[in-house]
Amino acid sequence: MRVHLVNPSDVSFGTAVITPRWLYVLATATPAAFGTPMIVDETLEPFDPDAVEAGDVVGIGIHTGNALRGYEVGGVARARGAYVVFGGIHSTLYPDEVRERGGAHAVVRGDGDLVWPDVLTDFVAGTPRPLYEGGRIDGESFLPARWDLLPEGKYMWGSVQTVRGCPKHCSFCSVWRTDGQKPRQRHVASVIREIVELRRRGFRFVLLADDNFYPVTLGDLAAAERQARTAAESASGGAGSSDPASSPRLDALRALRAERFELMARLAELPDDMIFYTQITMEAAEDPEFLAAMRRARIRGALVGVESVTPEGLKAVFKNFNDAGDALVTRLQAFRAHGVHVLGSFIFGLPTDQPSTFDATADLAQRAGVSFAQFVMLTPFPGTVDFAKWEATAAAGVTRKGVPLSRYWLIPSSQRPKVYAPHPLMSAEQIREGTQYVWDRFYRLAAIWQRSDCVRSMRSRLAFLLISKLYRQMYANTGIATDSARVTRSARRARWLAKAARRLFVTTPMPELQEPASLRALRDSKRLAVRVVT
Ligand code: SF4
């Protein structure tokens with residue numbers, strides 16, 4: 001019996017930017033008695049059914065975007081006599097669909113880190129269950145990845161997770177509902193140990209693959225302080241108190257924040273050719289102390305969900321904590337002033353958008369000094385507030401290609417609609433064309449070259465240009481285009497560009513690299529952060 005772990009994808013590029021972490025974490029979770037899992041990342045090469053034999057276990061992780069391909073793989077594996085197990089966000093939300101469409105014998109909901117050994121043991125004992133609840137494990141229990149299983153020369157960036165969950169509640173996002181609103185931070189020492197291992201293997205660019213790297217804002221602390229003072233005052237009969245504010249919630253928030261700073265201090269001690277990248281909310285721009293720590297830690301890039309450039313658009317997606325207009329430009333520039341390059345994420349197709357929104361967004365992205373940008377069309381993703389509303393209204397009773405529109409991921413990707421919700425002013429095609437236009441405009445050669453002045457050397461500017469083009473080929477043309485010839489051409493170009501770009505990111509391995517000495521002391525000390533009381 002052999003264990004296979006498959007990351008499904010319709011498009012394979014031969015080289016990928018980021019290591020798909022879940023595959024290598026489940027490899028760690030696989031007990032030694034079951035041998036070394038065979039890992040298949042279809043963003044590199046397609047799954048080979050001949051590698052599966054009767055009695056093998058095939059684990060497939062899916063999100064909504066790759067669910068249909070995952071179902072194909074599951075069906076093929078089951079037909080070959082394998083025991084098929086699905087996990088991932090989409091399986092968590094639709095376990096019945098996964099059984100019907102993907103040939104799943106078992107489905108894992110929630111985090112797979114701790115429950116995966118039970119799945120394998122039950123299968124071998126002949127007592128498999130149809131459903132396993134992985135739940136939301138605490139940060140202490142997050143497993144490291146088995147990077148020793150990485151194929152040589154295939155990935156550009158390593159990936160490490162430091163926190164799961166996000167306290168916000170954006171209407172288009174499922175993270176806060178699936179991973180929860182309580183941040184679960186991993187111990188600093190485990191994070192650093194894993195990054196050291198990646199650097200030993202030659203990865204100097206590492207993605208901190210977090211839901212939100214800034215889980216405690218200055219606003220959260222101020223609000224908790226106010227609550228603590230009010231509680232203290234009412235306890236003392238309104239006499240007031242000169243003691244510093246304190247409450248279990250405030251202490252927990254302070255501890256979480258302190259642990260972020262501890263992590264960044266340790267990152268700063270790693271070899272100075274290392275560069276980190278993360279995902280963060282815009283509120284961090286108002287926290288100079290945090291930005292300064294990011295700079296010292298060499299966190300040089302961050303994906304920031306800008307979403308909309310107007311206050312009405314932000315209100316529509318429950319993201320009022322973002323700024324719009326000139327204030328937005330100022331906030332985004334604050335990141336750049338601290339050496340953090342922003343990958344701005346913008347959504348088109350919000351009910352408040354107008355035909356002029358496309359140019360306004362492209363102008364703002366350039367003016368704000370955003371280094372990279374992605375422009376996505378509003379898509380109702382399962383597990384989100386938007387999806388529930390859309391499913392009950394616009395999508396109710398509508399079918400496409402014989403499939404209910406509210407299950408659009410079951411429509412083959414070449415025939416799948418690009419825009420789902422009717423817009424009060426624009427047709428679906430206008431929104432698609434407008435989005436494509438903004439990608440084209442933002443990634444014009446001249447515009448990229450102008451933006452590349454954020455780095456100094458000619459080599460760095462060329463790297464910036466190459467990665468900008470690669471990003472656009474991988475994400476814009478293969479995702480937005482309706483013309484299949486254009487998609488194929490783009491995938492071919494991306495394949496070539498990715499191979500060239502990889503050389504710029506990976507460097508000479510440092511097999512002798514040791515963990516920073518300060519880490520040993522940290523490991524021995526009591527953990528800094530504990531729980532958030534919500
Ligand atoms: S979009 Fe970002 S900030 Fe909003 S809930 Fe999702 S992870 Fe949190």
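When the stretch 318-345 is examined, which residues are found to be within 26 Å of residue 422 (Cβ to Cβ), touching a helix residue (DSSP H, G or I) at 6+ places or on another chain (Cβ under 8 Å) and touching a residue at least 60 places away in the same chain (Cβ under 8 Å)?
Start the filter on the stretch 318-345 by keeping residues that are within 26 Å of residue 422 (Cβ to Cβ), which leaves 318-320, 322, 324, 345.
Restricting the remaining residues to those that are touching a helix residue (DSSP H, G or I) at 6+ places or on another chain (Cβ under 8 Å) gives 318, 320, 322, 324.
Selection gives 318 alone.
Counting only residues that are closer than 19 Å to residue 73 by Cβ and free of Cβ contacts under 8 Å to residues at least 40 places away in the same chain, which one in the stretch 24-40 is surrounded by the fewest Cβ atoms within 10 Å (Cβ to Cβ)? Lay out the reasoning, then the answer.
Quick first cut of the stretch 24-40, residues closer than 19 Å to residue 73 by Cβ only: 24, 26-27, 30, 37-40.
Applying the additional criterion that residues be free of Cβ contacts under 8 Å to residues at least 40 places away in the same chain yields 38, 40.
Details: 38: 17, 40: 21.
Result: 38.
Residue check, residue 13 against (1) touching a strand residue (DSSP E or B) at 6+ places or on another chain (Cβ under 9 Å); (2) surrounded by 22 or more Cβ atoms within 10 Å (Cβ to Cβ), all met but one. Which one?
Single failed check for residue 13: (1).
Considering only helices (runs of 4 or more DSSP H) fully contained in the stretch 166-251, which possess at least 2 residues that are surrounded by fewer than 21 Cβ atoms within 10 Å (Cβ to Cβ) and more than 16 Å from the ligand (Cβ to nearest atom)? Quick ask: steps written out before the conclusion?
Details: elements: 175-178, 188-200, 218-235.
In the stretch 166-251, 188-200, 218-235 are the helices (runs of 4 or more DSSP H) which contain 2 or more residues that are surrounded by fewer than 21 Cβ atoms within 10 Å (Cβ to Cβ) and more than 16 Å from the ligand (Cβ to nearest atom).
Starting from residues that are of a type in the set (A, V, I, L, M, F, W, C) and in contact (Cβ under 8 Å) with a residue 60 or more places away in the chain, keep the ones in the stretch 412-437 and report whichever is farthest from residue 474 (Cα to Cα). Can you show your working first?
Filtering the stretch 412-437 down to residues of a type in the set (A, V, I, L, M, F, W, C) leaves 419, 421, 425-426, 428, 431.
Keeping just the survivors that are in contact (Cβ under 8 Å) with a residue 60 or more places away in the chain gives 419, 421, 425-426, 431.
Numbers: 419: 19, 421: 25, 425: 30, 426: 27, 431: 20 Å.
Per the criteria, the residue is 425.
Only one of (1) within 30 Å of residue 390 (Cα to Cα); (2) of a type in the set (Lys, Arg); (3) away from the ligand (no atom under 11 Å from the Cβ) fails for residue 154. Which number is that?
So the condition that residue 154 fails would be (1).
Looking only at the stretch 261-296, filter to residues that are over 17 Å from residue 341 (Cβ atoms) and within 16 Å of the ligand (Cβ to nearest atom); which one of those is modelled with the highest pLDDT?
Looking at the filtered set, the residue picked out is 287.
How do the pairs read when you match residues in the stretch 207-232 that are under 20 Å from residue 188 (Cβ atoms) with residues anywhere that are of a type in the set (Ser, Thr, Tyr) and more than 16 Å from the ligand (Cβ to nearest atom), using Cβ under 9 Å and keeping only pairs 6 or more apart or on different chains?
Listed by first residue and then by second, the contacts come to 207/19; 207/159; 208/159; 209/159.
Which ones in the stretch 159-190 are within 26 Å of residue 467 (Cβ to Cβ) and in contact with a Lys or Arg (Cβ under 8 Å, 6 or more places away or on another chain)? Outline the logic, then answer.
As a first pass, look at the stretch 159-190 and keep what is within 26 Å of residue 467 (Cβ to Cβ): 159-163, 173, 175.
Hits for the stretch 159-190 are 159, 160, 161, 162, 163.
Hey, any hits in the stretch 36-57 for a residue that's more than 19 Å from the chain's Cα centre (by Cα), at pLDDT 95 or above, hydroxyl-bearing (Ser, Thr, Tyr) and farther than 19 Å from residue 107 by Cα?
yes
Being touching a Pro at 6+ places or on another chain (Cβ under 8 Å), part of a strand (DSSP E or B) and not aromatic (Phe, Trp, Tyr): is that true of residue 5 here?
Working: touching a Pro at 6+ places or on another chain (Cβ under 8 Å): yes; part of a strand (DSSP E or B): yes; not aromatic (Phe, Trp, Tyr): yes.
Yes.
The values are calculated or read from the model by the stated rules, or taken from the named source; none is laboratory data. None of these values were measured; they are calculated from a predicted model. Because the Cβ atoms are built from the backbone with ideal geometry, glycine has one as well, and the counts that use them run over all protein chains shown.
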